[in-house]
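Enquirer: Below are the C-alpha cells for one structure; questions will follow.
We did not get these values from a lab; they are worked out from the coordinates using the rules stated. All values reported here derive from a predicted model rather than from experimental measurement. Every residue, glycine as well, gets a Cβ built from its backbone with ideal geometry; the counts of neighbours run over all protein chains shown.
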Amino acid sequence: MSVKQISVFVENKPGAMSAMTAVLADNDIDMRALSLAETEDFGIVRIIVDDVYTAATVLKDAGYVHSITPVLGVAIPDTPGGLNKVLSALTDVQINVEYMYAFLGGKKADHAYMIFRVADAAAASAALVARGIQTVDQDEVGNL
C-alpha cells in the first residue's frame with residue numbers, strides 16, 4: 001500500500017507558493033497534505049493530492065519541476081503514544097524514517113494521519129499491519 005507524493009521545486013521568493021497553489025486550485029486539485037522544506041534559493045514542496053495524474057500534468061504544463069515518490073500513509077490512533085507505537089514497529093524491523101509529516105483526515109475523529117518516507121514501503125506496511133496499525137492507500141487519502 002502506498003501513497004504518491006508530488007515533490008515540487010519552488011523558488012524561495014514572495015508569491016512563489018501562491019503561484020504554485022493557484023495552479024492546483026484553478027484545476028480543482030484538492031491538497032490533502034503539504035510539507036515545505038527550504039534552502040536559501042529553493043524550496044521543496046511535498047504534497048499529497050486527490051488526483052495525482054491531473055496535478056502532475058498541470059504542474060508540468062505550468063513549468064514546475066517535480067517528481068512523484070511513493071510514500072507510506074498511516075492512520076495513527078489519536079492517543080498518547082500513538083506515534084511511538086508506529087515508530088517502534090518500524091524500528092523493530094530496522095526501517096529508517098527519512099522524513100514524515102502529518103495531515104488532516106476527516107471521518108475518523110479518533111485517528112491522526114501521517115506520511116512516512118521510508119526506503120521499503122512494502123516492508124514498513126507489513127510491519128505496521130502485523131501490529132494492527134492501519135495503513136492507507138492513494139484512494140483512501142483522496143477520500144479522507
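Enquirer: Using just the C-alpha positions of region 3-69 as equal point scatterers, what log10 of I(q)/I(0) does the Debye formula give at each q in 0.23 1/Å?
Expert: -0.97
Enquirer: About the Cα centre of the chain, what is the dipole size in debye to 20, counting +1 per Lys and Arg Cβ and -1 per Asp and Glu Cβ, all else neutral?
Expert: On the way: 10 positive and 18 negative charges, 74 e Å.
Charge dipole of the chain: 360 debye, to the nearest 20.
Enquirer: In addition: Of all the Cα-Cα pairs you can form in region 71-143, what percent are over 22 Å apart? Walk me through the numbers before you get to the answer.
Expert: Numbers: 339 of 2628 pairs.
Here the long-distance tail beyond 22 Å is 13 percent of all Cα pairs in region 71-143.
Enquirer: I've got another one for you. What value, in deg cm²/dmol to 500, does the helix sum -39500 (n - 2.57) over DSSP H runs of n ≥ 4 give at 222 nm once divided by the residues of the chain?
Expert: Mean residue ellipticity at 222 nm (helix-derived): -9500 deg cm²/dmol.
Enquirer: Using mean Cβ contacts within 10 Å as the protection proxy, how do 52-58, 13-19 order, highest first?
Expert: Values: 52-58: 16.4, 13-19: 11.4.
Going by the mean number of other Cβ atoms within 10 Å, highest first, we get 52-58, 13-19.
Enquirer: With a 10 Å Cβ neighbour count serving as the proxy for reagent exposure, in which order, fewest first, do Ser125, Ser88 appear?
Expert: Ser88, Ser125
Enquirer: Follow-up question, since we're still on this one. Within region 1-29, what residues put their amide N at less than 15 Å from the label point 7 Å along the Cα-to-Cβ vector of Glu140?
Expert: 1-4
Enquirer: Once you've got the GNM for the chain with C-alpha springs shorter than 10 Å, pick whichever of Phe116, Phe103, Phe42 has the biggest mean-square fluctuation.
Expert: So, out of Phe116, Phe103, Phe42, the one fluctuating most is Phe42.
Enquirer: Please list 3J(HN,Hα) in residue order for region 12-25, calculated via the Karplus relation 6.51 cos²θ - 1.76 cosθ + 1.60 where θ = phi - 60°; whole Hz, with x for glycine and proline.
Expert: 8, 8, x, x, 5, 5, 4, 5, 5, 5, 5, 4, 5, 4
Enquirer: Seen from all sides and averaged, what is the projected area of the convex hull of the Cα atoms in region 39-90, in nm²?
Expert: Details: hull surface 23.5 nm².
Its average projected convex-hull area is 5.9 nm².
Enquirer: Pick out which of Thr91, Thr69, Thr39 has the largest mean-square fluctuation in a Gaussian network model of the chain, springs linking Cα atoms closer than 10 Å.
Expert: Evaluated over the chain, the most mobile residue of the options is Thr39.
Enquirer: Springs between alpha-carbon atoms under 10 Å, Gaussian network over the chain: tell me which of Ala89, Ala62, Ala75 tops the mean-square fluctuations.
Expert: Ala62
Enquirer: Remind me, relative contact order of region 20-114 in percent, using alpha carbon pairs under 8 angstrom and six or more residues apart?
Expert: The normalised contact order for region 20-114 reaches 26 percent.
Enquirer: Let me ask something additional. How many nm separate the modelled label positions at Ala119 and Asn27, each set 7 Å beyond the Cα in the direction of the Cβ?
Expert: Calculated label separation equals 3.4 nm.
Enquirer: Beyond 28 Å, how much of the Cα-Cα pair distribution for the chain remains, as a whole percent?
Expert: Of the Cα pairs, 21 percent sit more than 28 Å apart.
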